[in-house]
Amino acid sequence: MGASQSARTEHEFQDLADRTGFSLEQIGNLNKRFRQLSKNEETLSRQDLASISALDNNPLRAQIINAFFDKRNLRQNEAGTVQVIGFEEFLMVMSHFRPAAMHITEEEREKLRREKLRFLFNMHDTDSDGTITLEEYRRAVEELLSKAGTIGQETAKAIADAAMLEVASTTRGKMEPDEFYEGITFENFLQILKTFDIETRMHVRFLNMDTATMRCGK
Amino acid sequence: MPAFSCAFPGYRRDLLVIVFVVFVGIGLHVEASAPAYPSHGTEGSHLTNITNTKKTFPVLAVNYQHVRKPFEIALWILLALLMKLGFHLIPRLSGVVPESCLLIVVGLLVGGLIKVIGEEPPVLDSQLFFLCLLPPIILDAGYFLPIRPFTENVGTILVFAVIGTLWNAFFMGGLLYALCQIESVGLSGVDLLACLLFGSIVSAVDPVAVLAVFEEIHINELVHILVFGESLLNDAVTVVLYNLFDEFSKVGTVTILDVFLGVVCFFVVSLGGILVGAIYGFLAAFTSRFTSHTRVIEPLFVFLYSYMAYLSSEMFHLSGIMALIACGVVMRPYVEANISHKSYTTTKYFLKMWSSVSETLIFIFLGVSTVAGPHAWNWTFVITTVILCLVSRVLGVIGLTFIINKFRIVKLTKKDQFIVAYGGLRGAIAFSLGYLLSNSHKMRNLFLTAIITVIFFTVFVQGMTIRPLVELLAVKKKKESKPSINEEIHTEFLDHLLTGVEGVCGHYGHYHWKEKLNRFNKTYVKRWLIAGENFKEPELIAFYRKMELKQAIMMVESGQLPSALPSTVSMQNIQPRVIPRVSKKQEEEIRRILRSNLQNNKQKMRSRSYSRHTLFDADEEDNVSEVRLRKTKMEMERRVSVMERRMSHYLTVPANRESPRPGVRRVRFESDNQVFSADSVPTVHFEQPSPPSTPDAVSLEEEVPKRPSLKADIEGPRGNASDNHQEELDYQRLARCLSDPGPNKDKEEDNPFMSC
């Protein structure tokens, strides 16, 4: 049984590698981590992710966990969340954090940028309506500054307002006083973050070597 | 001199003036340097009757010796700055030739001039260079070092700095020794250690030259920080190698123990330098915590502590440059949180000013020293040195990049490698180190000549051609973008996101350690080093406040809100409308009233005046200081956007009342004093409107409390309570004026606040 199972997993891994772009070793390591988090189950639930101690001090904890269960990040073009995810979905979310390859064409780079920015956009757009409204943006900034105490809360609103104003000014230019700017669409989001080199910044090092000894505990 | 100004147009005239001044200056200096007796008067006093006869009282006398040293120094600096001025008046030239080249040429000319006159031109004294001219440049570089790209690439930078320099030194030294062995060159007396010493002097990339050239080509951040960081960090290697070979060449033999000690020395020098710098940095940060009452001397603390760090580490033969960098980097975040905005600006400008002067002087002196210095020319040696420099640099960069790219996520492309290799300029540090060589080295003059040739080659040839090459190869340039709050938000957002994902992945990565450092910094270090409550303030908020402050200042200066695009988007466009809005005309009226209030204040500023409000009471200017008005203006402008928002909330105008007669407006306003809004609302009191005279309005302005965040020392948003109070006052004032059925309705139409 052992041999056939490992053969099966090898085949699966190869399949996954082709689809997500990870190398076989990286998939192996991530699989180990997946097993560790899910306590050897086939699927991962929110509870499992919530119990990671490394996330305790992170102001974006809730959003990160939600991102793993967001259908939009799982290449399913529908809104909503799932309750549990399998290893493949885990990999799909992780693949957003792969670095850009060294030699890629302009359009591949553009595609990569869109993918990563889409991930960020989905994290902000909590009601999945395709726009980030002022309320959603305010909430995002408040979460970001949530560990900063009372000072953070009071200015978070001002910062979010200023940011929104900036987006509106850059994307819409002239607006009549009685027009209303609905919210940041994905295209606007792309536009304001045009000079933000996200393809080089948004990556995590998926080491090829065995990281089991370096795990930062549960 | 009208004839003069007609005959020579524009910049040429200025140039001639400058050259004229230069000549006069040099001439004066040379003439007056002959010893002058104090009694050398222009009035007739006979030199022959000296001792006992009463001399006529010298009304006018020349005593040059008295002021000689400061005079000469000031003259040189003035010359340097006039040259710098002159270059920028010739746009074509400064576009093609980098400033450093022009300055060296000027130095050559001045040196030649001095030699022609018969004087001994001054050589770049090493002590002067290392103790006075170099520190400002390094401090400027270190204090404003962009931390994020530096720390992201620190591994690569260290590899280039340490291993690259070692490779250069040994490769060059070795091959030159091999060259000297060849009989036909005629340099058989040069031993290996001397060659290695020479190699170590010439191999180091020079920060001054790199800064001077890279400043003008605006290359992308990655390459810039790589070359620049390398030039800064290789100082430790250079110091160790230089001292090592200097010692050894005196002794003559090398043992394994010496080599081992050399390696240990390297670690001591670099880490020791960093430690010394960090200590002084913390001292400076700690001192700045208490300077809230003596703001004027704040910049001095920054400069003096850094200079002390440099001198202290030079005292122990540690790396002064690394100490200076470490000091600047360590103290910056804490000092900036503590010092006032004015002090920050002062620090910035003084550093830029000093480093600019230093750089100019260094290049001019390089030129002068070239003319002055003793030379020994040997074609083969010099040419080989230049070629070897290039070759070893290119090989080194390619080889190291090959290894480094295995560990980097963002790989270095061929273009990047080329610029890194080509940008390895040598400069004045190499010259000064060569000059420091004692005369016991028989090859000293030859070495000096070769060093100067290499410097000239790299600065002139490489410096001039790097710009067209960058264009030709279409290397990525620096992004010229204003700081955008969206980018700042997302930078911080990404940091936390990536830390979280690393946590999910389960390994201690880059971001994990960064997060740990940040937390340590916040809980322990900031508490001690930052005054007041500021230490809790996260980066994003600090950034936002800085932006606000900058905008406010720009507003005061230009009289309007700054915006990159002509945009009429304001807060109300984004605010979700919860109440049916006022009709357009009424909104316009309200907006007009608010703006005309602002314009009243604008009159007192040097900005454009609107024709409606040309009349203004002169008495008022006496009563109110401009500063207070400026502040009020800023606050009022700020209030405009808030008030517009609130206006749309407060005025719940039923849809059928469309006619906007002024009288009707006011009545409606009165009746609608029940304000409806979701937010907490200041209560409105409608007092019996006494005809408000101008002093009243003025006194109301005096009541306006200073908004804390707009003051120089930012104290945190305790302003919220006073914000509300502020709005309340404004609101009252507006209400009072609007509700006043003034005697002359027509007059009020034009100028609603004339009588307010």
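Per residue, the stretch B:126-474 exposes 40 Å² of solvent-accessible protein surface, assessed with a 1.4 angstrom probe and all protein chains in place.
Here the Karplus relation 6.51 cos²θ - 1.76 cosθ + 1.60, evaluated at θ = phi - 60°, turns the backbone of the stretch B:92-103 into coupling constants of 5, 5, 6, x, 9, 9, x, 4, 4, 5, 4, 5 Hz, with x for every Gly and Pro. For A:I184, nonlocal amide neighbours, meaning residues 5 or more places apart or on other chains whose placed amide H falls under 5 Å from its own, are A:I132, A:T133.
For the full complex of protein chains and a 1.4 angstrom probe, list A:S146, B:S249 by accessible area with the highest value first.
Working: A:S146 50, B:S249 30 Å².
Ranking A:S146, B:S249 by accessible area, largest first, yields A:S146, B:S249.
Counting Cβ atoms of other protein chains within 10 Å of each Cβ in B:540-548 and taking the mean gives 4. Under 5 Å between amide hydrogens, built in the peptide plane, is the criterion, and for B:S319 it picks out B:G273 among residues at least 5 positions away or on other chains. Interface A-B: total buried accessible area of about 6100 Å², 1.4 Å probe, protein heavy atoms only.
Taking amide H as placed 1.01 Å from N in the peptide plane, B:I219 has its amide H under 5 Å from the amide H of B:K478, each at least 5 places away in sequence or on another chain. The figure for A:D15 is an accessible area of roughly 70 square angstrom, using a 1.4 Å probe on the protein chains alone. Mean per-residue shielding of peptide A:52-65 is 5, counting Cβ atoms of other chains within 10 Å of each Cβ. When the other protein chains are added to the chain by itself, burial of at least 30 square angstrom of heavy-atom accessible area (probe 1.4 Å, ligands and nucleic acids ignored) affects these residues of the stretch B:496-510: B:H496, B:L497, B:L498, B:G500, B:V501, B:G503, B:V504, B:C505, B:G506, B:H507, B:Y508. Karplus-based coupling profile of the stretch A:68-73, in residue order and whole Hz: 5, 9, 7, 4, 5, 7, with θ = phi - 60° in 6.51 cos²θ - 1.76 cosθ + 1.60 and x standing for Gly or Pro. Pairs from the table (A:K71/A:K116; B:K526/B:K550; B:K348/B:K546) lying more than 21 angstrom apart at Cα are B:K526/B:K550.
Mind checking the per residue accessible area of the stretch B:51-118 for me, 1.4 Å probe, whole number of Å²? Mind showing how you got there, number by number?
Values: 4400 Å² over 68 residues.
The answer is 65 Å² per residue.
Per-residue surface analysis assigns B:V239 an accessible area of about 30 Å², computed on protein heavy atoms at 1.4 Å probe radius. For the stretch B:366-456, the square roots a ≥ b ≥ c of the C-alpha gyration tensor eigenvalues yield an a/c of 1.5 or more together with a/b exceeding b/c, which makes the shape prolate.
Counting only protein heavy atoms and using a 1.4 Å probe, what share of the accessible area of the stretch B:126-474 belongs to carbon plus sulfur, as a whole percent?
Ligands and nucleic acids excluded, carbon and sulfur reach 74 percent.
The 3J(HN,Hα) values that the Karplus relation (6.51, -1.76, 1.60; θ = phi - 60°) gives for the stretch B:147-160 are, in residue order, 5, 4, x, 5, 5, 5, 10, 4, x, 4, 4, 5, 4, 4 Hz. Gly and Pro appear as x.
Annotation: peptides B:313-326, A:20-33, ranked by per-residue average of other Cβ atoms within 10 Å with the highest first, follow the order B:313-326, A:20-33.
The values are calculated or read from the model by the stated rules, or taken from the named source; none is laboratory data. None of these values were measured; they are calculated from a predicted model. Note that each Cβ is placed from the backbone with ideal geometry, even for glycine, and that neighbours are counted across all protein chains shown. Note: areas computed on protein heavy atoms with side chains; ligands, DNA, RNA excluded. Shrake-Rupley method; radii C 1.70, N 1.55, O 1.52, S 1.80 Å.
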